[in-house]
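Take a look at the structure below.
The values are calculated or read from the model by the stated rules, or taken from the named source; none is laboratory data. Small disclaimer: the values here were computed from a predicted structure and weren't measured. Neighbour counts are summed over all protein chains in view; Cβ atoms, including those assigned to glycine, are modelled from backbone coordinates with ideal geometry.
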Amino acid sequence: MKIIRYRGVLIMLLLIIIGVMATACESPSSSLVGKWQFTQAEGYIEFFSDGKFEVQDEDGNYTGTYEETGDKQITLTLELDSQLIENAFLYPQRILEYSISGNELKLSDSAYCIRAE
């Protein structure tokens, strides 16, 4: 009788653990995914569900990867060759705080964006 009860509890715990692990392994936040237009400059940043991003602004087009590294924090890693980084004084990796309110995205580098339709 006790073995059956423990088995039921064990099965419930396993299901909870599997559910938590499946949630933790999901792709980057769906709230970030999409195209965001800059409000203070020409261009946009677009986050894709596969962890990649693309930026187009006055300086050109850039691609890279992003990863949520904390609560409302992302790490952006640019895919640039070393010569371009050296000449443009660009940082290949940046950690930014972000917040989303409705259709507005604010990045800690003072970039404001609105979700593109």
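State which residue is modelled with the highest pLDDT when the search covers only region 87-110 and only residues that are surrounded by 13 or more Cβ atoms within 10 Å (Cβ to Cβ) and outside any strand (DSSP E or B). Looking at residues that are surrounded by 13 or more Cβ atoms within 10 Å (Cβ to Cβ) and outside any strand (DSSP E or B), I get S108. Looking across region 42-56, the residues that are touching a strand residue (DSSP E or B) at 6+ places or on another chain (Cβ under 7 Å) and surrounded by 12 or more Cβ atoms within 10 Å (Cβ to Cβ) come down to G43, Y44, I45, E46, F47, G51, K52, F53, E54, V55, Q56. L84 meets the conditions (1) at pLDDT below 90; (2) of a type in the set (A, V, I, L, M); (3) in contact with a Ser or Thr (Cβ under 8 Å, 6 or more places away or on another chain) in every case but one. The failed one is (3). Screening region 1-58 for residues that are among the hydroxyl-bearing types (S, T, Y) and in a helix (DSSP H, G or I) and picking the one that is modelled with the highest pLDDT gives Y6.
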